[in-house]
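Note sheet for the following structure.
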Amino acid sequence: MRIGVNGRVMDAASAPLVVRMIERMVAHGMQPQLSIGLAAWLREVGVTLPWPVIPNDDLSKQELDLCIGLGGDGTLLDTVAWVGRTEIPVLGINLGRLGFLSNVTLEAVEEALSAIKQGRYMLQDRSLLEVIDHPELLGRANFALNEVSIHKRESSSMIAVHVHLGNDYLNTYWADGLIIATPTGSTAYSLSCGGPILYPTSDALVINPICPHNLNVRPFVVPDHYTITLQLEARSDMCLMNLDARSVSLGGQSRITIQRARFSVKMVQLENSDFLDTLRTKLSWGLDVRSGPPKA
């Protein structure tokens with residue numbers, strides 16, 4: 001079983017843990033293949049690599065069965081970008097703190113690797129957003145699992161974002177920025193800006209202003225078959241567009257066209273993994289001293 005392994009640059013003290021995780025994959029009969037970035041960091045901190053390194057960022061010819069991100073949620077987003085359009089299944093092993101997306105804990109690694117080797121898991125399709133213009137800035141990395149967000153830059157002034165759903169005008173948002181979030185991203189940046197939580201497989205998107213000037217403007221859930229067009233109107237020359245953890249600068253009068261991508265991310269769902277349980281345990285969702293599990 002050929003496994004792509006990805007990770008971010010971390011503190012050197014984390015290197016033994018990363019090496020141990022890869023060694024455990026080998027012990028379970030897997031063949032780890034390291035990303036260029038992970039391999040470079042391990043070499044930098046003095047680790048001799050007995051494992052092969054994938055020679056480029058194109059995974060389409062690597063015949064991988066699975067890709068694993070070692071780290072936190074940011075690493076998982078990087079791994080999704082690495083996988084790209086190949087639809088190779090993705091799993092996150094959490095070496096950090098919260099780990100909402102990378103939800104395999106260190107204590108559960110052995111059980112998780114055993115389940116993967118034995119095929120005891122399901123795949124859940126997660127929708128992506130795709131920016132279909134600005135190829136000169138984005139290239140093929142024009143997609144996001146969590147959100148596409150627009151931010152003001154180099155100015156304290158708000159920006160105006162004129163939004164259309166298909167051919168229909170929706171609203172003009174006077175705000176610090178605007179978030180277009182997927183169901184997966186509804187528990188990320190959008191949630192911190194007061195957005196609703198969507199079930200991961202919902203066919204919907206969240207349009208959520210960041211610090212809006214008008215208090216009667218609220219997050220809005222729309223079907224994901226709409227093409228969403230954003231026309232920026234900023235006093236500064238540049239704005240910032242983020243696709244998950246990737247950022248590019250673009251003109252303050254730019255037009256941005258966003259749609260649901262024609263490909264998806266296949267997230268590995270282990271037998272003991274459940275989104276609702278993750279909500280309760282990771283985000284303390286609905287936590288109340290008066291509540292508890294229902295009586296049998």
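Summary table below
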| quantity | calculated |
| --- | --- |
| Boolean, ASP78 is touching a strand residue (DSSP E or B) at 6+ places or on another chain (Cβ under 8 Å) and assigned to a helix (DSSP H, G or I) | yes |
| Selected residue (only one of ASP11, ASP65, ASP58, ASP78 is closer than 20 Å to PHE100 by Cα and assigned by TED's automatic domain parsing to the domain that holds LEU101) | ASP78 |
| Flag if SER157 is in the same structural domain as ASN208 (by TED's automatic domain parsing) and either farther than 21 Å from SER127 by Cβ or more than 13 Å from the chain's Cα centre (by Cα) (or both) | yes |
| Test for ILE197: is it surrounded by 23 or more Cβ atoms within 10 Å (Cβ to Cβ) and either β-branched (Val, Ile, Thr) or part of a strand (DSSP E or B) (or both) | no |
| Complete set of residues in the range 247-292 that are in contact with a Cys (Cβ under 9 Å, 6 or more places away or on another chain) and touching a residue at least 24 places away in the same chain (Cβ under 8 Å) | SER249, LEU250, GLY252, SER254 |
| Any hit, the range 88-95, residues being in contact (Cβ under 8 Å) with a residue 12 or more places away in the chain, surrounded by fewer than 19 Cβ atoms within 10 Å (Cβ to Cβ) and either among the β-branched types (Val, Ile, Thr) or under 27 Å from ALA144 (Cβ atoms) (or both) | no |
| Subset of the range 256-286 that is among the charged types (D, E, K, R) and out of contact with any Ser or Thr (no Cβ under 7 Å at 6 or more places or on another chain) - its residue that is surrounded by the most Cβ atoms within 10 Å (Cβ to Cβ) | LYS266 |
| Tally of residues being of a type in the set (A, V, I, L, M), out of contact with any helix residue (DSSP H, G or I) (no Cβ under 8 Å at 6 or more places or on another chain) and closer than 20 Å to PRO223 by Cβ across the range 171-190 | 2 |
| Subset of the range 142-184 (residues that are among the hydroxyl-bearing types (Ser, Thr, Tyr), part of a loop (DSSP other than H, G, I, E, B) and buried (at least 22 other Cβ atoms within 10 Å of the Cβ)) | THR182 |
| Residue count, the range 206-218 (criterion: surrounded by 18 or more Cβ atoms within 10 Å (Cβ to Cβ) and assigned to a loop (DSSP other than H, G, I, E, B)) | 1 |
| Hits in the range 118-141 - residues which are surrounded by 14 or more Cβ atoms within 10 Å (Cβ to Cβ) and among the charged types (D, E, K, R) | ARG126, GLU130, ASP133 |
| Boolean, ASP203 is loosely packed, with under 15 Cβ neighbours inside 10 Å, modelled with pLDDT of 95 or more, closer than 27 Å to LEU76 by Cβ and under 22 Å from the mean Cα position of the chain (by Cα) | yes |
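The values are calculated or read from the model by the stated rules, or taken from the named source; none is laboratory data. For clarity, every value in this text was computed on a predicted model and none was experimentally measured. Please note: Cβ atoms are built from the backbone with ideal geometry, for glycine as well, and neighbour counts cover all protein chains shown.
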